[in-house]
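Visitor: One structure follows; several queries about it will come next.
We did not get these values from a lab; they are worked out from the coordinates using the rules stated. Because the structure is a prediction, the values reported are computed rather than measured. Virtual Cβ from ideal backbone geometry, glycine too; neighbours counted across all protein chains shown.
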Amino acid sequence: MSIAGTWMQTLALAFLVLRLTGSGADLGVATAARYLPLALLGPFGGLIADRYDRRRLLYVTQSASAVVALAFALMTALGQASYAGVVVLSLALGVLTVVDNPARQSLIGDLVPRERLANAVTLNSVSVNLARVLGAAAGGALVAGVGLTTCFVLNAASFAGVLASLFLMRPAEMNPVERPPREKGQVRAGLRYAFQTPALLLPLVMITVTGALAYEFPVTLPLVARGALHGGAGTYGAMASVMGLGAVLGGLVTASRGNPKRSSTLAIAAVGWGVAITAAALAPSLPWELVALLFVGYGSVSFNALSKTALQLAAAPAMRGRVMALWALAWGGTTVVGGPLVGWVAQDIGTRWSLAVGGVPTILLGLLMLPALRHMDPRPTPST
């Protein structure tokens, strides 16, 4: 429920910025604003997720996110929407994401046994992408039919589902986690642990490159819908929904396989995903674009789930929050650079190129990393 509301809000914000400025570069900057705090403070959020009860942290971050959604709704309902206001509220969401993301991702490992971790991570991705199908389709129809404000209101209301879920969890049945004592240098210790552990470092490098260039769909898809395909919110909603459908299918297939036997599976997934993104960049019409995006969605959830699983399997439990904060920094924080970059490419070179600059490097990265990952040990490395 809540992620569907978030996708409604993402779609509404994209078209609000395009309505206010008409600029792909401005859309990239507004999207990057949400991830700037993550880029600056991400490792500290991971330490907080390791040190404090993750369930209680999520009560705070999710409630505050609902308040920000209401602020967006009031801004548009009162006719006071401005580009500066969008950027400020996006920054506020980013500050919440600094803690929310590592706490939410790490909570998965607290809820399931190790042998079910890959299934749980992937099914989490399935729920996200099923919500994308529903949220993008509903958001496109709402923006076209009744306006932007309704999307923001429904997103604010949807956080009630998250808070109810957190309340219904039974802490006594969750996996015990050893909380690190308060000491100096714990953020540096997390960074050092990740950089000295190849099973963590190589996936993080892959996630950084693909997060910056390939996973910029909140920027690229609205621009392709308006530019190359000459459509609007309805076109974007259809594109995002089909991509989400592909991700649901990919997630179910990935979840059925359990924990990956070889780390090289991540490199193979990167090559396949890059090919699909490049095909979407070359698609000559909307029907062909939708076919390509079905495979883009399949590839995105496969790569995302495999990368998160690789990190959680290789990370010591006491370091998991800090490691997943680095995942969030690599996957989302790089939008600070990638969002404006692909927006500029779309505006000055062509909207299709905004997809190509993500697809081609993803293919090359997968091919480059394949030999190194083939002999990687996926078991957790003790922290020192």
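Visitor: Can you tell me the order of 319-332, 194-207, 100-113 when each peptide is scored by its average per-residue count of other Cβ atoms within 10 angstrom, highest first?
Guide: Highest mean packing first, the order is 319-332, 100-113, 194-207.
Visitor: Once each part is reduced to its C-alpha centroid, what is the distance from the stretch 105-151 to the stretch 313-327 in angstrom?
Guide: After rounding, the separation between the Cα centres reads 22 Å.
Visitor: Same structure, new question: Any chance you could tell me what percent of the C-alpha pair distances in the chain go past 34 Å?
Guide: In whole percent, the share of Cα-Cα pairs in the chain beyond 34 Å is 22.
Visitor: Right, next: Give me a comma-separated list of calculated 3J(HN,Hα) values for the stretch 220-234, in order, Karplus coefficients 6.51, -1.76, 1.60 applied at θ = phi - 60°, integers in Hz, x for any Gly or Pro.
Guide: Whole-Hz 3J(HN,Hα) from phi for the stretch 220-234: 6, 5, x, 5, 5, 4, 7, x, 5, 9, 6, x, x, 4, x.
Visitor: Using r as the Cβ-Cβ distance of SER23 and SER127, and R0 as 35 Å, what FRET efficiency do you calculate, to the nearest 0.05? Intermediate results must be reported in sequence, preceding the final value.
Guide: Details: r = 34 Å, r/R0 = 0.96.
Once the sixth-power term is evaluated, E becomes 0.55.
Visitor: Subtracting the Cα-Cα distance from 0.36 nm times the residue separation, let me have the gained length for VAL205 to LEU364 in nm, one decimal. Spell out each step's value before the answer.
Guide: On the way: separation 159, 0.36 × 159 = 57.24 nm, distance 1.30 nm.
Full-extension gain reported as 55.9 nm.
Visitor: Would you please name the trypsin sites (Lys or Arg not before Pro) within the stretch 171-258 that are DSSP coil residues with at most 16 other C-beta atoms within 10 Å of their C-beta? List each step's numbers first, then the result.
Guide: Working: sites: ARG182, LYS184, ARG188, ARG192, ARG226, ARG257; in loops: ARG182, LYS184, ARG257.
Loop-located and lightly packed - ARG182, LYS184, ARG257.
Visitor: Looking at the chain, which longest stretch skips every one of the GluC sites (Glu not before Pro) that is in a DSSP loop with at most 15 other Cβ atoms within 10 Å, leaving the sites themselves out? Working shown, then result.
Guide: Numbers: sites that count: GLU178, GLU183.
For GluC sites (Glu not before Pro) (loop position, at most 15 other Cβ atoms within 10 Å), the longest site-free span of the chain is 184-384.
Visitor: Among TRP288, TRP344, what is the fewest-to-most ranking by other Cβ atoms within 10 Å? Please report the intermediate quantities before stating the final value.
Guide: Numbers: TRP288 13, TRP344 16.
By the 10 Å Cβ count, ascending: TRP288, TRP344.
Visitor: So, one more: If we count other beta carbons within 10 Å of each Cβ, what is the order of VAL219, VAL133, fewest first? Write down the numbers at each step before the final one.
Guide: Values: VAL219 28, VAL133 22.
Ranking VAL219, VAL133 by Cβ neighbours within 10 Å, fewest first, gives VAL133, VAL219.
Visitor: If you plug each phi of the stretch 319-331 into the Karplus form 6.51 cos²θ - 1.76 cosθ + 1.60 with θ = phi - 60°, what whole-Hz ³J(HN,Hα) values come out, in order, with x for Gly and Pro?
Guide: 9, 4, x, 5, 5, 6, 5, 5, 4, 5, 5, 6, 7
Visitor: In nm, to one decimal, how far is the modelled label at VAL67 from the one at ALA141, with both set 7 Å along Cα→Cβ?
Guide: That separation, rounded to one decimal, is 3.3 nm.
Visitor: In whole Hz and in residue order, list the ³J(HN,Hα) couplings for the stretch 19-35 that follow from phi through the Karplus curve 6.51 cos²θ - 1.76 cosθ + 1.60, θ = phi - 60°; x for Gly and Pro.
Guide: For the stretch 19-35, the Karplus-derived couplings read 5, 6, 10, x, 10, x, 5, 5, 5, x, 5, 5, 5, 5, 4, 5, 9 Hz, x marking Gly and Pro.
Visitor: Looking only at the stretch 296-314, which residues have a backbone nitrogen under 16 Å from a spot 7 Å from the Cα of SER256 in the C-beta direction?
Guide: Residues 298-299, 302 qualify, since their backbone N sits under 16 Å from the label point.
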